[in-house]
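Read through the structure below, which is laid out as structure tokens, and then see the notes.
Derivation of every value follows stated rules applied to the coordinates shown; laboratory data play no part. Source: prediction; values computed, not measured. Here Cβ is always computed from backbone atoms with ideal geometry, including for glycine, and neighbour counts include all displayed protein chains.
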Amino acid sequence: MSSSAIILSISGAYIVLLALISVFASRKSRSSESFTTGGKSFPAIFIGLLMASEFIGTSASLGTAQGAYEYGISASWNLVALGVGFVLFSFILAKRYKALGENTISGVLRRGYGERVRLATSFIMVVALLTVAVAVYAGGGAIFSSLLGMDKVTATVLTAVLSVLYVTIGGMRSVVYTNLLHAVVMLAGIIIAATLPLNRIGGFSELHSSLPASFFSWNAVGLGQIIAWMIAGAGATFATQYIVQAIASVRNEKTAKRASVYSALLLIPYGLLSALAGMCAAVLFPNIESVQALPVLVTNMSAFTGGIVIAGLLAALFGTISAISLAVSTLLLKDFYRPVFNKSGDDRKNLRFARLAVIFAGIAPMLLALFASDILEVTFLGKAIRSALAVLVLLMFYAPRYGTATGALVSMVSALVTTIAWFLAGDPFGVDNAYIAILTPLVIMTISHFLGGRGRRRQQKTATAEQGAAAAGAVK
């Protein structure tokens, strides 16, 4: 068999396996509730790998290798920061999210700030997630056009179509099961992508002598950039729809905390290995475009090992897009379609809409992906937007009397506008848009706190009582 035939056979076999899992899971996804939640409690390791694989898309794999090709090991901070975010999440928020019993981020913030904030949260989260999807598709299109000999448009369309099929069939249950498989395949793929080129170079000593010393500095990308990644990483883990959705599907608060730690245990080594692959590419192929660092490594492997790496990249893409599609579908269903267009509660209509919304969320970002250039920057724009919501989540749980419901609403809308505007302006004065994302709600909530003290809405006090009751019930 030719090399391309072997690679396509491995990739095809992987896609067929995903389809079989989805068909099996579809038997348990006959209602809108089971479609969006899975219909059962899952073990911590399942949910931990699910949450981690949602963040390791092709944009993270390709973007980290691209950054390492230019700056070295410090590019790994973009994924290591997410691992740190999950560790913090396990101690700060996992227990509180589980105690609330909500499976949407909009439902969580409604407890503290009211109905208007619920709708605004849902809209902003959809925008943030679709922004990430743009970067994922751009990364997938760049990789597969290079590896499979397709033009970028065809590759991007193909990845969009394939990535939503199994979610549409099986819902949350298929996402949980397939992401367990994705995690294993992704890790195997990135290990091969890093270790085989390293052996070709002659080991770490030869790698070290072949690259500038700055490539082995942990802050070569700049301390400000690393802190921005930390902020965006924490924001993405603290206030993302599919994290809330995943936490809602575990048995208890202890399991929720363990799941978060498992996520960190996958993200941190994946980030380091992706960066190592990019550094190896800088030695072996010093004159290529940085975005081609990972694809060029793969094209210079044997057909069998290259096929495994490509399967790992497919797993990374499918893992992220499936989570995004299901999260967007759940928000649109619960916050817009069901209360407005299906007040009678016909579950067949709900399930039909949920599946259509998955298709929309999977296909809509595809067109913008054709024009995305800096994949890592677009990925972190999506994370930065969620950081603004993370500020409000932390205030709601730990300072429920701070600010007002109107201040929360204005904060969210303003943060969306200022963060995107700052990004489009090229991050003026060297200030990353992640800083704008967290400063905007902090400033507005502080102003509203001092100007609207007596007009603070009752929902904030109600949230404190509900959280106390939930915590008391959990202790019993």
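Sequence gap at least 6, Cα distance under 8 Å: using those rules, report the relative contact order of region 3-382 to the nearest whole percent.
41 percent
Sort H208, H182 by Cβ crowding within 10 Å, fewest neighbours at the top.
Neighbour counts put them in this order, fewest first: H208, H182.
Could you calculate the FRET efficiency of L451 with R116 from 1/(1 + (r/R0)^6), where r is the beta carbon distance between them and R0 is 22 Å, rounded to 0.05?
Computed FRET efficiency for L451 and R116 comes out at 0.75.
Once you put a point 7 Å from the Cα of E206 and another 7 Å from the Cα of R251, both along the Cβ direction, what distance in nm separates them?
In this crude spin-label approximation the distance works out to 5.0 nm.
Pop the C-beta distance of V184 and V443 into the FRET formula with R0 = 56 Å and round what comes out to the nearest 0.05. Could the numbers behind the result be given before it?
Working: r = 44 Å, r/R0 = 0.79.
Computed FRET efficiency for V184 and V443 comes out at 0.80.
In what order do T404, T154 fall by count of nearby beta-carbon atoms within 10 Å, going from fewest to most?
T154, T404
Enumerate the calculated ³J(HN,Hα) couplings along region 92-107 in order (Karplus 6.51 cos²θ - 1.76 cosθ + 1.60, θ = phi - 60°), each rounded to whole Hz, writing x wherever the residue is Gly or Pro.
Whole-Hz 3J(HN,Hα) from phi for region 92-107: 9, 10, 4, 5, 5, 4, 5, 5, 5, x, 8, 10, 9, 5, 5, x.
On a full-extension model of 0.36 nm per residue, what is the gain between V127 and L356, subtracting their alpha-carbon distance, rounded to one decimal in nm?
Extending this stretch completely gives an extra 80.7 nm.
Using a simple spin-label model with points 7 Å from Cα along the Cα→Cβ vector, what separation in nm is obtained for A13 and S302?
1.4 nm
Applying the Karplus parametrisation 6.51 cos²θ - 1.76 cosθ + 1.60 with θ = phi - 60° to the phi angles of region 329-340, what ³J(HN,Hα) value in whole Hz is obtained for each residue in order, glycine and proline being reported as x?
4, 5, 5, 5, 5, 7, 9, 10, 5, 4, x, 10
Show the residues, 5+ positions off or on another chain, whose built amide H is closer than 5 Å to the amide H of V250.
Amide H to amide H, under 5 Å and 5 or more residues apart or across chains, V250 pairs with F42.
Just round it to a whole percent: the fraction of Cα-Cα distances in region 3-382 exceeding 26 Å.
48 percent
Cα-Cα over 27 Å: which of K257/K383; K257/K343; K98/K383; K254/K343; K257/K349?
K257/K343; K254/K343; K257/K349, as the Cα separations exceed 27 Å there.
What does the C-alpha gyration tensor say about the overall shape of region 146-300? Classify as rounded when a/c is under 1.5, otherwise prolate if a/b is larger than b/c, or oblate.
Oblate shape, in that a/c is at least 1.5 and b/c is the bigger or equal ratio.
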